[in-house]
Amino acid sequence: MNGDGIKSDGIERDRSKRGGMTRRRALGLAGVAGAAYVAGPLRPFGTGGDAAAPDEAEAASCVLAPEVTEGPYWVDVRDKRSNVVAGQSGAPLTLDLYVYRSDDSCEPAQGAVVDIWHCNASGLYSDEAANGTSGSTWLRGYQETDAQGHVQFTTIYPGWYSGRTVHIHVRVRTFSGSSTTYNFTTQIFFAEENSSAVFATSPYSSRSGRDTTNEEDMIYQQEVQAGNVLMPTLSGSPSAGYSGTVGIGLSGLPASSSNSSGSSSSGSSGSSSSDTSVDASLLSRRFIHAGERRELLLGLKAGERIAADAKLMRGGRAIAHKKIGALAPGKRNLAVPISDDTGAGAAQLRLTLTDRAGNSRTIHNRVQIPTG
């Protein structure tokens, strides 16, 4: 798939009803095991006020939400920080994210590693050669959830780029040593009235030609069709800044989410699980032209949910890279974009497939990149 194309201590333990719906009741109605849920919307920050208290958040119901692809701009920068602005200009945005265990009555998940990443006001991502931003890490970072399952990020309101509506990527992981034991990705979207207000101000207003709104965005519409969109209700203004809260409920989280910030994201075959093999393989590979861009299209077959990391290597360096954090079982395609400045000729494909237990296998193939 091309581009960004698929989710307290103060909580009342007696689950008293609010609005006729408890978390346990909502989970029962959802009736889908092994999926990701979103607990929300929670009450957003008031201007100058505090975040929603856990007992007020109890009113939120856990509803099924689709897991979506990480897109082409994921970089595991391993920068643990709450403030990810790093000098970028834009409307201030504070996001409070709460991670819950959907299969344990939405109890908070402590110790989960939560990454966010998004584009700047000019529509560019950091640490991307195609954007001319290699080596920078702005608007990227992670935090570990506390006893309330909470992390907070200080950032700016995302800009836009052609073909996508406004969004922020979110990844939730857990680790056991160097092995990834859980890996979930989703995207946060924003109301059009907020985006319109922000984009009328500097520095966003220096650009024109936004071509994709929520209603026109493929990923947003997938979430609409699934019956849920991860969208905080924001309070504030472009000048004063915005704030909002999002709850993410996940099923299948390991019993203990005690993580090390230095853990490996790719996983390894050293998992403590008795499952030591990856049920996935490479079926085919061919080069195609997608518009004016070349792509290496990989056909994969997975018997389980996997992550896929594909690199084209030449002279000891990566000349093309595509990573997808979650592919559902079945036959799937992975498109590796090749930049215009990459010359034709021989290259080495290095494809790493990793399952949720942290087991991985790497496939090496020699390929011949065609002319542009």
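The values are calculated or read from the model by the stated rules, or taken from the named source; none is laboratory data. Note that the structure is a prediction, hence the values are computed from the model and not measured. All Cβ positions, glycine included, derive from the backbone under ideal geometry; neighbour counts span all protein chains shown. To get the accessible areas, we keep the full protein, side chains included, count just its heavy atoms, and leave off ligands, DNA and RNA. Shrake-Rupley method; radii C 1.70, N 1.55, O 1.52, S 1.80 Å.
Quick rundown of the values:
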{"quantity": "Per-residue HN-Hα couplings for segment 300-315 [Karplus 6.51, -1.76, 1.60; θ = phi - 60°; Hz; x = Gly/Pro]", "calculated": "10, 10, 10, x, 8, 6, 9, 10, 10, 10, 10, 10, 9, 10, 8, x"}
{"quantity": "Rounded to the nearest 10 Å², the accessible area of ARG332 at probe 1.4 Å", "calculated": "90 Å²"}
{"quantity": "Local electrostatic count, ALA310, Cβ distance below 9 Å [Lys/Arg +1, Asp/Glu -1]", "calculated": "+3"}
{"quantity": "Backbone HN-Hα couplings from phi across segment 279-296 [Karplus 6.51/-1.76/1.60, Hz, Gly and Pro as x]", "calculated": "8, 7, 8, 8, 8, 7, 8, 7, 8, 9, 10, 9, x, 9, 10, 7, 9, 9"}
{"quantity": "3J(HN,Hα) from dihedral phi, segment 70-87, Karplus parametrisation 6.51/-1.76/1.60, rounded to Hz, x for glycine, proline", "calculated": "6, x, x, 10, 6, 9, 7, 6, 6, 10, 7, 6, 8, 8, 10, 4, 6, x"}
{"quantity": "Surface accessible to a 1.4 Å probe, SER162 within the full protein complex, Å²", "calculated": "80 Å²"}
{"quantity": "Accessible surface ranking that places the most exposed of MET313, MET218 first, with a 1.4 angstrom probe", "calculated": "MET218, MET313"}
